[in-house]
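**Q** The structure follows.
Quick note: the coordinates plus some simple rules give every number you see, no bench work behind them. If you're wondering where the values come from, they're calculated on a predicted model, not measured in any experiment. So basically every Cβ, Gly included, is an ideal-geometry build from the backbone, and we count neighbours across all protein chains shown.
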């Protein structure tokens, strides 16, 4: 889904994706994807238990990484809608 909307992200606009499956943690995280590091993304998320990192946000950040979309993004999930905003 993100790959199909990649042009929207490069035009510096937000994209929202309504997810089919309900559930998941709501949250808002800033992620940074480095063009030179194809293995990891960085995040401002703070938590003591990495298993509590919102899986849908992680999936979106991983998709951005895999699509080769470097930059900073605000990724949020609220009530089944995922929003990605380039910063």
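**Q** Which length gain, in nm to one decimal place, applies between residue 13 and residue 42 when the Cα-Cα distance is subtracted from 0.36 nm times their residue separation? If you can, show how the numbers build up before the last one.
**A** Details: separation 29, 0.36 × 29 = 10.44 nm, distance 2.11 nm.
So the chain would gain 8.3 nm between residue 13 and residue 42.
**Q** Right, here's the next one. In whole angstrom, how long is each semi-axis of the equivalent ellipsoid of region 3-86, when you take the square root of 5 times every eigenvalue of its Cα gyration tensor and sort them from largest down?
**A** Working: eigenvalues 72, 56, 21 Å².
In descending order the semi-axes read 19, 17, 10 Å.
**Q** Taking springs between alpha-carbon atoms closer than 10 angstrom, which of 68, 47, 24 fluctuates most in the Gaussian network model of the chain?
**A** Evaluated over the chain, the most mobile residue of the options is 47.
**Q** Determine, for each peptide in 72-78, 25-31, the mean count of other beta carbons within 10 angstrom over its residues, then list the peptides with the highest first.
**A** On the way: 72-78: 18.6, 25-31: 16.0.
Packing proxy ranking, top to bottom: 72-78, 25-31.
**Q** Could you work out how much longer the chain between residue 30 and residue 81 gets when fully extended? Use 0.36 nm per residue separation minus the Cα distance between them, nm to one decimal. Walk me through the numbers before you get to the answer.
**A** Values: separation 51, 0.36 × 51 = 18.36 nm, distance 1.65 nm.
Value of the extension gain: 16.7 nm.
**Q** Name the residue, out of 62, 43, 51, whose mean-square fluctuation peaks in a Gaussian network model built on the chain with Cα pairs under 10 Å.
**A** Comparing 62, 43, 51 in the GNM, the peak value goes to 51.
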